Amino acid sequence: MGRSPQSATRVGILSVLFGGLLLYRRAARDPKTLRKYGFDAPDDRIERMLYTRFPNCGLALMLAIDLIIFGPLAGAIICAVQLIWIPFWAAGVINGLGHYLGYRNYEVADASRNIVPWGLLVGGEELHNNHHAFPQAARFSTRWFEIDLGWIYIKLLNQLRMIKIHRVQPIMEKRLATHRCDKATLQAFLVNRFEILAEYAQHVVSNVVHEERLHMFHRERRQLIRQAGHLMRTETLGLNPRADNQLKKALSLSPRLQTVYQMKQQLQSIWTRSTDSSDVLVHQLEDWCHAAEHSGIQALEGFSERLRTYRLVEV
């Protein structure tokens, strides 16, 4: 969505927030947009014969149900609220503000953000960055302070045996006395890469930035190093020329931060080679850990030791 035609970065936040539905309807008439963003979407007989031919049938059915159940006045009011609520919150807030305002737990390739940590109004979709990091997971909350109301409903229905939960976020655990990377390490690394990258940002990038700032006496240099830490955590969205120059200047001031940045890029490059054989990838991951542990940077050494111990937990 961060790169889609309806992105707030393309058409402006107010246009998406209050006119998101119109933007989507306009895009739905563009065959090129449908081919690009509707890839692998159902195009079966019911789609062609019902949904495409009668696009307003669902709205009419919802109105009829509201009128029958609640009566003419209350039914009309409830239907009006539904017609405003769904487009505004789904197309406007979630796909507008959710790519413009909030915090990011994970460095996904789009601009998705968690609007607030408490997903109470739209079934947890407020945790939009989490959803984009783990799109197949039934639970959107990933931090102890986050609340996903939709997950509470799902758990309740699961307890009543009305549904079955197939997927949640991958969970890692630490093994004892693991001194080399193996296929279990590789599996955890590939499947839970966004969580591992978030840990790298928290325990390596942030710590080294803090240490480097303590040893700099010039205020401008300390500010530049602080900004570099932020840019290193957001570079997956792309850096404009000014930000790119700031990052390069900061890295030139700190060889340790330069090493941390290069090691992060090398770690990410292993993910892009995930089509290689598992033996090759295990060897590359072990080489990375070996280089990290001989970098002379304590935070990087500690991260490497933890990475070797990870494996996925069967849920």
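The values are calculated or read from the model by the stated rules, or taken from the named source; none is laboratory data. Remember, predicted model here, so these are calculated numbers, not experimental data. Backbone-built Cβ (ideal geometry, glycine too); neighbour counts: all protein chains shown.
Some observations on this one:
- When L156, L121 are screened for being closer than 29 Å to R25 by Cα and either of a type in the set (A, V, I, L, M, F, W, C) or in contact (Cβ under 8 Å) with a residue 60 or more places away in the chain (or both), only L121 passes.
- If you filter segment 95-110 down to residues that are buried (at least 18 other Cβ atoms within 10 Å of the Cβ) and within 8 Å of the chain's Cα centre (by Cα), you find that the one that is nearest to K264 (Cα to Cα) is E107.
- The residues of segment 269-302 that are among the β-branched types (V, I, T) and over 23 Å from V108 (Cα atoms), listed by number, are V280, V282, I297.
- Check on N114, within 30 Å of A292 (Cβ to Cβ), touching a strand residue (DSSP E or B) at 6+ places or on another chain (Cβ under 9 Å), modelled with pLDDT of 95 or more and of a type outside the set (A, V, I, L, M, F, W, C): yes
- Looking only at segment 129-173, and only at residues there that are of a type in the set (F, W, Y) and part of a loop (DSSP other than H, G, I, E, B), the one that is farthest from W118 (Cα to Cα): F134
- Candidate set: segment 204-232, residues that are in contact (Cβ under 8 Å) with a residue 40 or more places away in the chain and within 23 Å of T272 (Cβ to Cβ); chosen: the one surrounded by the fewest Cβ atoms within 10 Å (Cβ to Cβ): V205
- Residue, surrounded by the fewest Cβ atoms within 10 Å (Cβ to Cβ), within segment 264-287, restricted to residues that are without any contact (Cβ under 8 Å) to a residue 40 or more places away in the chain and under 23 Å from the mean Cα position of the chain (by Cα): T275
Yes/no matrix, rows are residues, columns are (1) touching a strand residue (DSSP E or B) at 6+ places or on another chain (Cβ under 7 Å); (2) among the aliphatic types (A, V, I, L, M); (3) over 25 Å from R104 (Cα atoms):
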residue: C181; (1), (2), (3): no, no, yes
residue: A188; (1), (2), (3): yes, yes, no
residue: V191; (1), (2), (3): yes, yes, no
residue: I196; (1), (2), (3): no, yes, no
residue: R219; (1), (2), (3): no, no, yes
residue: Q223; (1), (2), (3): no, no, no
residue: G229; (1), (2), (3): no, no, no
